[in-house]
1. Can you give the extra length, in nm with one decimal, that the chain gains between Gln585 and Ser436 once fully stretched, where that is 0.36 nm per residue apart less the Cα-Cα distance?
2. Bin width 20 Å, alpha-carbon pairs only: give the P(r) of the chain as whole percents, running from 0 to the bin holding the largest distance.
3. Obtain the nm distance between the two label points defined at Ser537 and Lys362 by a simple spin-label model: each point lies 7 Å from its Cα along the Cα-to-C-beta direction.
4. Enumerate the calculated ³J(HN,Hα) couplings along segment 170-178 in order (Karplus 6.51 cos²θ - 1.76 cosθ + 1.60, θ = phi - 60°), each rounded to whole Hz, writing x wherever the residue is Gly or Pro.
5. Quick check for you: with a 1.4 Å probe and neighbouring chains kept, what is the accessible area per residue of the chain, in Å²?
6. State the extension gain, in nm to one decimal, for the chain segment bounded by Glu328 and Asp384, taking 0.36 nm per residue of separation less the distance between their alpha-carbons.
7. Taking 25 Å as the cut-off for C-alpha to C-alpha distance, list the pairs among Lys425/Lys544; Lys47/Lys211; Lys203/Lys598; Lys256/Lys277; Lys47/Lys79 that go past it.
8. Which net charge results for the neighbourhood of Glu283, defined as the other residues with beta-carbon distances under 13 angstrom from its beta-carbon, given Lys and Arg at +1 and Asp and Glu at -1?
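The values are calculated or read from the model by the stated rules, or taken from the named source; none is laboratory data. Every value quoted in this text rests on a predicted model; they were computed, and no experiment measured them. Virtual Cβ from ideal backbone geometry, glycine too; neighbours counted across all protein chains shown. Each accessible area value is taken on the protein alone, full model and side chains, heavy atoms only, with ligands, DNA and RNA left out. Shrake-Rupley method; radii C 1.70, N 1.55, O 1.52, S 1.80 Å.
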Amino acid sequence: MCGIVGVVGSKNATDILIQGLQKLEYRGYDSAGIFVSDERKNQSIIKAVGRISSLQEKIGIEVNGSIGIGHTRWATHGKPTENNAHPHASESNRILLVHNGVVENYKEIKTEYLNGHHFIGETDTEVCAHLIGKFIEVDHLTPKDAFVKALGIIEGSYAFAMVDREDPTVIYVAKNKSPLLVGLGEGYNMVGSDAMAMIRETKQFLEIHDKEVVIVKKDSVEILDEAGIQQERDAFTAELDLSDIGKGTYPYYMLKEIDEQPAVMRRIMQNYFKDGKYLVADEIKKAVIEADRIYIVAAGTSYHAGYASKTFFEELTDTPVELCIASEFGYNLPLLSKKPLFIYISQSGETADSRQVLVKTKELGYPALTVTNVPGSTLSREADFTMALHAGPEIAVASTKAYTAQIAVMSILAKAVGEEIGNEKAKSFNLIQELSLVATSMVATLAEKEWIESKVAEYLKDTRNAFYIGRGQDYFVSMEAALKLKEISYIQCEGFAAGELKHGTIALIEEGTPVLAIISNKSIASHTRGNIMEVSSRGANVLKVVSADCQEEGDDILVGNVHSYLTSLAMVIPTQLIAYYATLQRGLDVDKPRNLAKSVTVE
Ligand code: F6R
């Protein structure tokens, strides 16, 4: 949450910052701001409430320079106002600071160090800017020493980029638990919350570790560890293409990402299957085989992907799987088995809720595997093993292709382990053939967009609430389908186990309430159809999403058959399109729903 970008040594700092912030807008879009300076100290700070486009409107051509820092905000402390927008200044205005994260002890810092200081906003970041400024002006420390001293006091998560107006040739940066990278250029260098923010300028990056301080100048980058000792680090090349992060001809990223799913399935097969063998590292298989129980820890859509993977994982690996909501794990710790393996499923690899569990389970000495779309992310670096999703950057806030990629990668892992231990079901399960069938089914559903759009207009127009129902795997898809619908269209929607509705929630069904039923399993289809009758006879308007082998007259949306282990991958596609069109028909911004951000880096 919140995005940071900075550049030093360029002729077009403003343009680079704006381009970078646009790529980071998925991290928050409550307000944005930049500071730029040239070497003669012509300096500007521009801030705006709302999107980067609002900021752009306020920037005149005279606002340019050789150094700059920028920020796009997801509000934590204080409302989305201009006063709370970053960059924040120290009391004398000398130090400018942008920040992503949450400073936990900012109130204590205020009382202990900053008595009599005047603050213009309510943010924790402004307090940090004042603290650094105070160490320079009152204690006469150099900006670097003041920055380091402040970091020794600040507790919590942060990615900071700081510029001293008196010396506009250096960006001081540091991180703890929040992501930040250095981008390396010829005659200029950059910093940013992710590689996408810098990829137009460079493909070469340097990692920053927690608690390090990095001094970035146009032709040098100095990394110091917590003890002030200089660190050597090799650069890495990001495998990112500018076209991967563009919308192309699509009106929204979400639609592009929904459409990419058959290709993502094929890419996963290419990356994990070669010459008749599943390419899963031996040590990962060993970790699963040695475990007596798998704990999947995740949040939101990734948590739902964990549920969708539970059945096949248990059946193919003979190992029980337990699902844990990351944000609850710390308080509702399940009774752990003797040899647990923790699997962290996370698109971004940065989710703070999951990370705090990872830190805890590492302290307890348990092995961890991260399944993520961003190898090199915090969860990936800190776990013992990583499996990549190969889904390509997911930019729409609502996750789609990452969900299906997560299930597909979990199926590869389960199949590889199952084969290794000689599990009969695994041996006879031709996963590659079944994933190809999934891709074919997805293509067929995606070809029915107009039909699905018309069904959305028929069933969800003007409604304030809705239900998804299903049994077994279809229940797991219902949870994800409901999340997708509510998070972007703001229709209040719950995903229910179809049989559970009658135990209370059916009281909410009235004339015209939309109920969206998912049916993909022949053996339990009649039970779900029974539940459909129950809600229909109470006035519900039921839209049926049904797999071809369960089809009956009057069903609304048909989905091509796939293996019973993988039905979530196929059945979720129409529900993603339903959420997309419901949002479009309400005239809302599909990619950037209110109150949300893509990468949730606060607990
Ligand atoms: C919903 C969505 C979120 C994320 C959740 C976890 O569309 O994207 O529910 O799934 O915030 O994020 P990751 O997967 O990055 O850990």
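1. 50.4 nm
2. Going from the shortest bin to the longest, the percentages are 20, 49, 27, 4, 0.
3. That separation, rounded to one decimal, is 5.7 nm.
4. With coefficients 6.51, -1.76 and 1.60, one gets 9, 10, 9, 10, 7, 9, 8, 6, 9 Hz.
5. Per residue, the chain has an accessible area of 39 Å².
6. 17.9 nm
7. From the list (Lys425/Lys544; Lys47/Lys211; Lys203/Lys598; Lys256/Lys277; Lys47/Lys79), the Cα-Cα distance tops 25 Å for Lys425/Lys544; Lys47/Lys211; Lys256/Lys277.
8. -2
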